[in-house]
Structures are given as structure tokens and as C-alpha cells.
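**Q** What follows is a structure written as C-alpha cells; I'll ask about it next.
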Amino acid sequence: MRSLLATATTPEEMAEGIVDGERLADQIGAFKQFFVDNLPGEEYEGDTPNVRIDGDVAEIEFFIVVAGEPVVEAISGTAVRQEGRWMLSADSFCRLIATGGIECPADLGGSG
């Protein structure tokens, strides 16, 4: 299975794997463009070294890896199971992209 936060993952696939992802199209595009602009030609993917599941909510720690090395400090976040599928919370995605100076809509603040 392809990583949600990976070079090969299309913006549409990313949106499908993030709570409220359809509302984050601009931010997802900016996330993808950030790597084109700052790490041209580099492949990247998300890594989740720590996961603690409690029912339909998982506390996670994740980061982005380029050339085998994390490019940001580990970020604490959540994933939620919706209709049998795990999805990254919008808040967690927004915390990640904030490390690259990308802002999310203010009204996405309680999405998990």
C-alpha cells in the first residue's frame, strides 16, 4: 500500500485519505509543490514509527522521509477509522504542512 504522504500519491488520493480532504485541495497542492520547489527530483514518503490504537482513533507520530532521513521533526497527530478505513485527521495534516509555511483553513480546527 502506498504511503498517504508520498511522491507517487496523487493529490486526489491524498484528499481521500485525510478527514475533510476535499476541503484541503489547495493545501495538498501546496504540499506537493513544496517538494518540487525545495527538493527537486527527490522522492519522499511518510513514516509512522509510533501508533497507539484505541477503538476507532489512533494516536500517531509521523514524519516525512527523503533519502532515508526525516526532513521534519516527528509530529504527533491522530488518525480515525471511518467506514472501516483509516484516515489522517485534518488537524494532523495541517500541523505537518505548517512546518513548510502552508496554512490551513481556520475552520478545520476540530476535525480530529
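The values are calculated or read from the model by the stated rules, or taken from the named source; none is laboratory data. All of these numbers come straight from a predicted model, not from anything done at the bench. So basically every Cβ, Gly included, is an ideal-geometry build from the backbone, and we count neighbours across all protein chains shown.
**Q** Identify all residues within the range 7-50 that are modelled with pLDDT of 95 or more, out of contact with any helix residue (DSSP H, G or I) (no Cβ under 8 Å at 6 or more places or on another chain) and aliphatic (A, V, I, L, M); write none if there are none.
**A** none
This table checks each residue for (1) closer than 21 Å to Asp107 by Cβ; (2) not in a loop (DSSP other than H, G, I, E, B).
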site: Thr7; (1), (2): no, no
site: Ala15; (1), (2): yes, yes
site: Gln27; (1), (2): yes, yes
site: Lys32; (1), (2): no, yes
site: Arg52; (1), (2): no, yes
site: Ala58; (1), (2): no, yes
site: Ile64; (1), (2): no, yes
site: Thr78; (1), (2): yes, yes
site: Leu96; (1), (2): yes, yes
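**Q** Those residues that are closer than 18 Å to Ser89 by Cβ and exposed (fewer than 12 other Cβ atoms within 10 Å of the Cβ), I need them from the range 12-48; list them, please.
**A** Within the range 12-48, Glu22 is the sole residue that qualifies.
**Q** Going through the range 29-50 one residue at a time, which ones are among the aliphatic types (A, V, I, L, M) and in contact (Cβ under 8 Å) with a residue 40 or more places away in the chain?
**A** Of everything in the range 29-50, just one residue is among the aliphatic types (A, V, I, L, M) and in contact (Cβ under 8 Å) with a residue 40 or more places away in the chain, namely Ala30.
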